[in-house]
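The values are calculated or read from the model by the stated rules, or taken from the named source; none is laboratory data. Computed from a predicted structure; not experimentally measured. Reconstructed Cβ throughout: ideal geometry from the backbone, glycine too, with neighbour counts over all protein chains shown.
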Amino acid sequence: MSGITHRQLAGLLCLAVLTLTSCGPAQPGARTPTLPPGTLWKTYTDAGNKAYQQGRYAEAEAQFVAALKEAENLRRLDPENPNKLGPEDPSLATSLVNLADLYVTRGRYTEAEPLLQRSRTYSETNLGPDHPFLATTLSSLASLYRAQGRVAEAETLLRQALTIDEKALGSSHPKVAASLTSLAEIYADQGQPGEAAPLFKRGLAIREAALDPDHPDIAASLDSLARFYVAQGRDDQAEPLYKRSIAIRSKTLGPDHLSVATSLEHYGALLRKAGRKEEADQLDRRAKAIRDKHAQENPPR
């Protein structure tokens, strides 16, 4: 997903109410009329985020779809006329991006794009051109375009997102690091190591300064930088980064998370390149077991 910032944007943090009513993860389609507007939306969203982070994509989709339906029914009151409905609630944009990010992860690109374009229109119209949530939407759209091979469009969107976030949040914010790392990956893929290297390093430095040492985003930066080093023939610098990435992801996300499988595969390729076949085979078997388990739990649609 795109980080927690856009999850918080909606302004529907009814934590006290949730505590008093002891609401657990909602079942899609449930109705709790006694809860204030937005509470059920947040319950669906929190459950979806948790399932997504744990790689339970089918469950996450059900929760995000339910959250989107709730958001579409929410309206803010017009501050000048309490009896009049105002514009669509910000929770709508959050739900659109959450569901779209999930679709991109699962390769369902044609379903993701209209959701992101809808969120982009909402953000530009209601939040303005310099709002961090617009940057979040642009970053998610860039991820979609990268997956589709639309690299030039992705680069343009990432640069826009980076400009917005640096202005609104400061140059040391973790969201800035995400855009820097994505831009660096584009430059690396295009054979522009001189442009990529400083962005990879700056993104990692920001995350290490701002986040917990075991945060998954640090592991993502480590993995990206390690792959860059391998492509540059700097294998000795890549290996400790892979080891650290695997350790963080295994500790924080669990040993059976797909991100762990990704790091294992990348590290295994490095070991195979170095002639350490037995070690590489062991990592590949671990990665395959994780992916097989995940495939059983998340059958393709």
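So here's what we get for this one:
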{"item": "Filter pass, A152 being under 20 Å from L204 (Cα atoms) and either hydrophobic (A, V, I, L, M, F, W, C) or in the same structural domain as F64 (by TED's automatic domain parsing) (or both)", "result": "no"}
{"item": "Residues of the range 68-79 that turn out to be more than 17 Å from P114 (Cα to Cα) and at pLDDT 60 or above, as a count", "result": "4"}
{"item": "Elements of type helices (runs of 4 or more DSSP H) contained in the range 227-301, each with 3 or more residues being within 24 Å of the chain's Cα centre (by Cα) and surrounded by 19 or more Cβ atoms within 10 Å (Cβ to Cβ)", "result": "235-253, 258-273"}
{"item": "Members of the range 47-62 that are of a type in the set (D, E, K, R) and in contact (Cβ under 8 Å) with a residue 40 or more places away in the chain", "result": "R56, E61"}
{"item": "Some residue of the range 166-175 being assigned by TED's automatic domain parsing to the domain that holds I206, surrounded by 22 or more Cβ atoms within 10 Å (Cβ to Cβ) and in contact with a helix residue (DSSP H, G or I) (Cβ under 7 Å, 6 or more places away or on another chain)", "result": "yes"}
{"item": "Residue check, K243 over 17 Å from A177 (Cβ atoms) and without any contact (Cβ under 8 Å) to a residue 40 or more places away in the chain", "result": "yes"}
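Let's see how each residue does on (1) at pLDDT 95 or above; (2) crowded, with 16+ Cβ neighbours inside 10 Å; (3) not assigned by TED's automatic domain parsing to the domain that holds S179:
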position	(1), (2), (3)
N81	no, no, yes
L99	yes, yes, yes
L102	yes, yes, yes
P114	yes, no, yes
Q117	yes, no, yes
L138	yes, yes, no
L141	yes, yes, no
